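Only one structure is covered here, and it is reproduced in the block below.
The values are calculated or read from the model by the stated rules, or taken from the named source; none is laboratory data. These numbers come from a predicted model, not from an experiment. Glycine gets a Cβ as well: all are built from the backbone with ideal geometry, and neighbour counts include every protein chain shown.
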Amino acid sequence: MIDQETLDEVFAIAKRKREERRRFIKVASTAMIAAGGMSALAACNNNNDEDVTAPPVTPTPTPTSAFTAGDVDILNFALNLEYLEGSYYTAAALGASLNATLVSGTGTQGAVTGGRQVAFADRLVASYAREIAADENAHIGFLRQNLGSLAVAIPAINIDGGASGAFTAAARSSGVVPATGTFDPYANDDNFLLGAMLLSDVGVTAYKGSATLIASKTLLEAAAGILATESYHTGLIRSLLYRRGVPGTTIATAANDRQNAELISNARDTIDGNTTTAGPPAIFADDDQGVGPVTINGGTASNVVPTDSNGIVFGRTANQVLNIVYLNTNSRTAGSSGGGFFPSGLNGNIRASAATP
Amino acid sequence: MPAAPLRPCNVKGEDGMSEGQQLMEALESRVERRSERREFFKAALGVAAVTAGGFAFTSQAAAQTVTDNDILNFALNLEYLEANFYYLAVYGTPIPLTSTTGTGTQGVLNAAGARAVTFADPIIAEFAREIAADELAHVNVLRQALGTAAVAQPAMDLSVAPTSAFSTAARAAFDIPTTASFDPYANDLNFLYGAYIFEDVGVTAYKGASPLITSKAYLDVAAGILSVEAHHAGLIRTQIDLRGDEPGLKGATVRADTELVSNARDSLDGTTSDLDQGIAQSNPPTGLTSNIVPTDGNGLAFSRTTGQVLNIVYLTPQQRSAGGFFPQGVNGTIVKAAGDAVPAAA
């Protein structure tokens, strides 16, 4: 693990992104003020372009939220998922845990179990891990700013790569490793990408599924922005898995990455407790897909984007997402409020998965 | 393949400048803008505090009489463009004619010189085939949602002549001679560049439109398409990045080229906006870091208004209603580019 000072430098990762925030201030501060006098973004109001070593956020708690109770619940639900993703990528890319200023809040603050820096063989894969880590940290900061004092604390999270870790449980249930095997997402580049796929697709479907439930238009556009970023991440990760699934291609050889991706996808299909629900668009039982190859118009094609027949990405309900992150293999018969990546459950009001989504 | 109609060279704008001149002026003004940005942000914060009544999109939303159908039709125009580009690149033919009918004027697709790319890398070919299928599916799902209100495919330019939209875009980004063409069908890298021109724009367009949509059903569809477009963009940008150290067409490297394209897009869509980023890496103390995702400091992808999107696909910084990839303009009610990049009097 690296020290706090080094960790802060993470946030200098993309100076241009920092510069972009100047523009965001213009847009967002207007919006947030209009949305009810929120001062959460005040922490960003720093005109010093040289503040590249400062963390991206210093939450300024507000006593009340401008958002409806339902929107607060959705934001906090998303924040839990970002805690998980942020912890995974920060560990894998930097060997660090989340900044202490990014984890406090309501509910029971939990510990993060496991996680370590990946010794990346491919410098480009390492560069992608660092970028995604920075984005996920920014998402945590952004959600916390908007929630103010209503933000939930980080719950207990298991990102351990050992035999008793959540990743191993997921890999065993999907057949990526045998029933007694261990899946360590920090062991090498390919394992890291498979671990990332496991989490990123869930994030995409969770944000997509919540789009129509958000009341605030300001929040909706912000959520669309996070959905887009998560989707870029997933496109990156899945396209790499597809390429690396073929021996002799540009960056590496890993003959079974594609097969592993399919296995993970099938496992998620099984455990998300999904049944076909009315649209639009209809959510099909097979709402999760590997990276291919598939056949389109008689030719070989990839399947980087998991879509329905309308070319539209799937959404998952909160319950389906919970079943996956809790690794709730018994979801069809029993609800659950913890397990898997979240041993004590999520913090916030959306936390108990249901047997029938 | 329809016969390629002649396209007038260097159409004069309302101020008498050619499109090329306008593009160059917009590019030059960008440099100036960057140096002014710090002052701008200081000023903008003050403005934000006193004009607290408005959301970022409220000026568009409040003034609009646009319906959900108008927005979906706007998106349909963009999908026609993307779907045909990928279909031409993969199959050498446009999308099926049955997917192009509707209200408004059905236009001619200028595909002169367009052809199936002879991909050297089979993986890129397989990605292209996937994306082509997704984009046609988007055309069809939007047409299905709109029913008889769906607009017809407008006139589009996906050709490779020196006066083509692709060449004009490349001229803006890479300053290629007026006699030179940019051919996105020539090889793997050119194809990726062609895709790169479109994909990020689609993402910003859907994100910008998201709060304007009132129907939950349409919003769900739009969110789903937004996500797919961002997957595509992430894929395309990653594949370019894997070749990022190779020499660029204009820049020192392929990565530098992407910054030039990004700058060109930014120059078209407005003076006060910086909504675009290439994939140039940074190298802070924590190590080499990619920039696959164009985001602001909060990790959010950018939004563009419909007018800003039209500035880019029309390849003009002005308030025009046609140009570039849509020589006769898009079909539907949302047809006018914003012209934020040039003063109204210009």
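In the list B:A264, B:A252, which residue meets the criterion of being modelled with pLDDT under 90 and under 27 Å from B:L189 (Cα atoms)?
On the way: B:A252 fails: modelled with pLDDT under 90.
Of the residues listed, the single one that is modelled with pLDDT under 90 and under 27 Å from B:L189 (Cα atoms) is B:A264.
For segment B:175-211, what are the residues that are surrounded by fewer than 23 Cβ atoms within 10 Å (Cβ to Cβ) and over 24 Å from B:A128 (Cα atoms)?
B:D175, B:I176, B:P177, B:T178, B:T179, B:A180
Go over the candidates B:R320, B:R304 one by one and state the one that is closer than 30 Å to A:S216 by Cβ and within 21 Å of the chain's Cα centre (by Cα). Reasoning before the result, please.
On the way: B:R320 fails: closer than 30 Å to A:S216 by Cβ.
Going through B:R320, B:R304 in turn, the sole match is B:R304.
Of everything in segment B:201-235, what is of a type in the set (V, I, T) and either more than 16 Å from the chain's Cα centre (by Cα) or at the interface with chain A (Cβ under 8 Å from one of its Cβ atoms) (or both)? Give them in sequence order. Before the answer, list the steps.
Here is the first cut: in segment B:201-235, the residues of a type in the set (V, I, T) are B:201, B:203-204, B:213-214, B:221, B:225, B:228.
Across segment B:201-235, the qualifying residues are B:V203, B:I213, B:T214, B:V221, B:I225, B:V228.
Among (1) farther than 19 Å from A:G115 by Cβ; (2) outside any loop (DSSP other than H, G, I, E, B); (3) not aliphatic (A, V, I, L, M), there is one condition A:T180 misses while meeting the rest; what is its number?
Failing condition for A:T180: (2).
Yes or no: B:L275 at pLDDT below 90 and either over 26 Å from B:S159 (Cβ atoms) or part of a loop (DSSP other than H, G, I, E, B) (or both)?
Numbers: at pLDDT below 90: yes; either over 26 Å from B:S159 (Cβ atoms) or part of a loop (DSSP other than H, G, I, E, B) (or both): yes.
Against the criterion (at pLDDT below 90 and either over 26 Å from B:S159 (Cβ atoms) or part of a loop (DSSP other than H, G, I, E, B) (or both)), B:L275 qualifies.
Does segment A:20-33 include one or more residues that are in a helix (DSSP H, G or I), modelled with pLDDT under 50, within 14 Å of chain B (Cβ to nearest Cβ) and closer than 30 Å to B:R243 by Cα? I'd like the intermediate steps shown before the answer.
Restricting attention to segment A:20-33, the residues satisfying the condition of being in a helix (DSSP H, G or I) are A:20-33.
Okay, now just the ones that are also modelled with pLDDT under 50, so A:20-33.
Within this subset, residues satisfying the condition of being within 14 Å of chain B (Cβ to nearest Cβ) are A:20-33.
Now drop any that are not closer than 30 Å to B:R243 by Cα, which leaves A:20-21.
Among the residues of segment A:20-33, at least one is in a helix (DSSP H, G or I), modelled with pLDDT under 50, within 14 Å of chain B (Cβ to nearest Cβ) and closer than 30 Å to B:R243 by Cα, which makes the answer yes.
State whether the residues of segment A:132-140 include one that is surrounded by fewer than 24 Cβ atoms within 10 Å (Cβ to Cβ), in contact (Cβ under 8 Å) with a residue 60 or more places away in the chain and of a type outside the set (G, A, S).
Of the residues in segment A:132-140, the ones surrounded by fewer than 24 Cβ atoms within 10 Å (Cβ to Cβ) are none.
No, segment A:132-140 has no match at all.
For segment B:212-233: of the residues being of a type outside the set (A, V, I, L, M, F, W, C) and surrounded by fewer than 24 Cβ atoms within 10 Å (Cβ to Cβ), which is farthest from B:D134 (Cα to Cα)?
Of all residues in segment B:212-233, those of a type outside the set (A, V, I, L, M, F, W, C) come to B:214-216, B:218, B:220, B:224, B:227, B:229, B:231-232.
From the residues that got through so far, the ones that are surrounded by fewer than 24 Cβ atoms within 10 Å (Cβ to Cβ) too are B:214-216, B:218, B:220.
Details: B:T214: 25, B:S215: 23, B:K216: 22, B:Y218: 18, B:D220: 17 Å.
This residue is B:T214.
Given the conditions (1) buried (at least 23 other Cβ atoms within 10 Å of the Cβ); (2) at pLDDT 80 or above, which single one is not true for A:A318?
Evaluating A:A318 over (1) buried (at least 23 other Cβ atoms within 10 Å of the Cβ); (2) at pLDDT 80 or above leaves (1) as the failure.
Is segment B:333-346 home to any residue that is in contact with a Leu (Cβ under 8 Å, 6 or more places away or on another chain), buried (at least 24 other Cβ atoms within 10 Å of the Cβ), without any contact (Cβ under 8 Å) to a residue 40 or more places away in the chain and more than 14 Å from chain A (Cβ to nearest Cβ)?
yes
Name the single residue that is surrounded by the fewest Cβ atoms within 10 Å (Cβ to Cβ) among those in segment A:80-105 being farther than 18 Å from A:G203 by Cβ and more than 12 Å from chain B (Cβ to nearest Cβ).
Within segment A:80-105, the first condition is being farther than 18 Å from A:G203 by Cβ, and the residues that meet it are A:94-97, A:99-101, A:103-105.
From the residues that got through so far, the ones that are more than 12 Å from chain B (Cβ to nearest Cβ) too are A:97, A:99-101, A:103-105.
Values: A:S97: 21, A:N99: 20, A:A100: 9, A:T101: 14, A:V103: 20, A:S104: 14, A:G105: 24.
Once the filter is applied, the top-ranked residue is A:A100.
Select from segment A:226-240 the residues that are within 7 Å of chain B (Cβ to nearest Cβ), in contact with a Gly (Cβ under 8 Å, 6 or more places away or on another chain) and not hydroxyl-bearing (S, T, Y) and list them in ascending order. Break it down into steps so the answer makes sense when it comes.
Initially, segment A:226-240 is screened for residues within 7 Å of chain B (Cβ to nearest Cβ), giving A:226-229, A:231-236, A:239-240.
Restricting the remaining residues to those that are in contact with a Gly (Cβ under 8 Å, 6 or more places away or on another chain) gives A:226, A:229, A:231-236, A:239.
Of everything in segment A:226-240, those that are within 7 Å of chain B (Cβ to nearest Cβ), in contact with a Gly (Cβ under 8 Å, 6 or more places away or on another chain) and not hydroxyl-bearing (S, T, Y) turn out to be A:I226, A:H233, A:G235, A:L236.
Hey, could you check segment A:293-310 for residues that are assigned to a loop (DSSP other than H, G, I, E, B) and farther than 20 Å from A:H233 by Cβ and say which is farthest from the other protein chains (Cβ to nearest Cβ)?
Ranking the qualifying residues of segment A:293-310, first place goes to A:G298.
Residues are listed down the side, and each one gets a yes or a no for (1) part of a helix (DSSP H, G or I); (2) of a type in the set (V, I, T); (3) under 19 Å from B:R265 (Cα atoms):
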| position | (1), (2), (3) |
| --- | --- |
| B:F127 | yes, no, no |
| B:A133 | yes, no, no |
| B:V139 | yes, yes, no |
| B:L142 | yes, no, no |
| B:S167 | yes, no, yes |
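Which of the residues that make up segment B:86-116 are surrounded by fewer than 23 Cβ atoms within 10 Å (Cβ to Cβ), touching a residue at least 60 places away in the same chain (Cβ under 8 Å) and either of a type in the set (A, V, I, L, M) or assigned to a helix (DSSP H, G or I) (or both)?
B:V108, B:A112, B:A116
Which one of these is of a type in the set (A, V, I, L, M), touching a residue at least 24 places away in the same chain (Cβ under 8 Å), within 13 Å of chain A (Cβ to nearest Cβ) and surrounded by fewer than 18 Cβ atoms within 10 Å (Cβ to Cβ): B:A128, B:A145, B:A120?
B:A120
Working carefully through the options A:G141, A:G148, find the one that is more than 18 Å from the chain's Cα centre (by Cα) and in a helix (DSSP H, G or I).
Values: A:G141 fails: more than 18 Å from the chain's Cα centre (by Cα).
Result of the check over A:G141, A:G148: A:G148.
Output the residue which, of all residues in segment B:113-124 that are touching a Gly at 6+ places or on another chain (Cβ under 8 Å) and small (G, A, S), is farthest from B:G92 (Cα to Cα). Show your work before the answer.
In the first step, residues of segment B:113-124 are kept if they are touching a Gly at 6+ places or on another chain (Cβ under 8 Å); the result is B:114-116.
Retained after the next criterion (residues that are small (G, A, S)): B:114, B:116.
Numbers: B:A114: 7, B:A116: 4 Å.
Once the filter is applied, the top-ranked residue is B:A114.
Condition (residue is in a loop (DSSP other than H, G, I, E, B), closer than 28 Å to A:I312 by Cβ and aliphatic (A, V, I, L, M)) applied to segment B:171-192: is it met by at least one residue?
No.
Within segment A:103-118, can you find the residues that are among the aliphatic types (A, V, I, L, M) and not in a strand (DSSP E or B)?
Step one: of segment A:103-118, the residues among the aliphatic types (A, V, I, L, M) are A:103, A:111-112, A:118.
Residues satisfying the conditions are A:V103, A:A111, A:V118.
Examine segment A:171-192 for a residue that is closer than 21 Å to A:I350 by Cβ and of a type in the set (F, W, Y), and state whether such a residue exists. Steps first, answer last, please.
First, pick out the residues of segment A:171-192 that are closer than 21 Å to A:I350 by Cβ: none.
Scanning segment A:171-192, I find no residue that is closer than 21 Å to A:I350 by Cβ and of a type in the set (F, W, Y), so the answer is no.
For A:T108, state whether it is away from every other protein chain (no Cβ under 13 Å) and without any contact (Cβ under 8 Å) to a residue 60 or more places away in the chain.
The answer is no for A:T108.
Can you spot a residue in segment A:202-211 that is within 12 Å of chain B (Cβ to nearest Cβ), among the hydroxyl-bearing types (S, T, Y), closer than 26 Å to A:A121 by Cβ and part of a helix (DSSP H, G or I)?
Within segment A:202-211, the subset within 12 Å of chain B (Cβ to nearest Cβ) is A:203-211.
Pick out the ones that are also among the hydroxyl-bearing types (S, T, Y) and you get A:205, A:207, A:210.
Narrowing the set further to residues that are closer than 26 Å to A:A121 by Cβ leaves none.
Looking for residues that are within 12 Å of chain B (Cβ to nearest Cβ), among the hydroxyl-bearing types (S, T, Y), closer than 26 Å to A:A121 by Cβ and part of a helix (DSSP H, G or I), one finds none in segment A:202-211, hence no.
Can you tell me which residue within segment A:175-196, out of those that are under 14 Å from A:F341 (Cβ atoms) and in contact (Cβ under 8 Å) with a residue 40 or more places away in the chain, is surrounded by the most Cβ atoms within 10 Å (Cβ to Cβ)? Reasoning before the result, please.
The initial filter retains those residues of segment A:175-196 that are under 14 Å from A:F341 (Cβ atoms), namely A:183, A:185, A:195-196.
Filter once more, so that each one left must be in contact (Cβ under 8 Å) with a residue 40 or more places away in the chain: A:185, A:195-196.
Values: A:P185: 31, A:G195: 26, A:A196: 26.
Selected residue: A:P185.
Output the residues belonging to segment B:278-324 that are in a loop (DSSP other than H, G, I, E, B), more than 9 Å from every other protein chain (Cβ to nearest Cβ) and under 17 Å from B:S210 (Cβ atoms).
Listed by number, the residues that qualify are B:R304, B:T305.
Report yes if B:V254 is touching a residue at least 40 places away in the same chain (Cβ under 8 Å) and more than 8 Å from every other protein chain (Cβ to nearest Cβ), otherwise no.
Details: touching a residue at least 40 places away in the same chain (Cβ under 8 Å): yes; more than 8 Å from every other protein chain (Cβ to nearest Cβ): yes.
Yes; evaluated as a whole, the condition is true for this residue.
Take the residues in segment A:160-170 that are free of Cβ contacts under 8 Å to residues at least 60 places away in the same chain and in a helix (DSSP H, G or I), then tell me which one is farthest from A:S231 (Cα to Cα). Give the steps one after another, and end with the answer.
If we filter segment A:160-170 for residues that are free of Cβ contacts under 8 Å to residues at least 60 places away in the same chain, which is where we start, we get A:160-165, A:167-168.
Next, from what is left, pick out any that are in a helix (DSSP H, G or I): A:167-168.
Numbers: A:F167: 22, A:T168: 25 Å.
Step by step, filter segment A:160-170, then rank; the result is A:T168.
Restricting attention to segment A:121-128, does a residue exist that is in a loop (DSSP other than H, G, I, E, B) and touching an Asp or Glu at 6+ places or on another chain (Cβ under 7 Å)?
Quick first cut of segment A:121-128, residues in a loop (DSSP other than H, G, I, E, B) only: A:121-122.
Checking which are touching an Asp or Glu at 6+ places or on another chain (Cβ under 7 Å) leaves us with A:121-122.
Yes, that holds for at least one residue.
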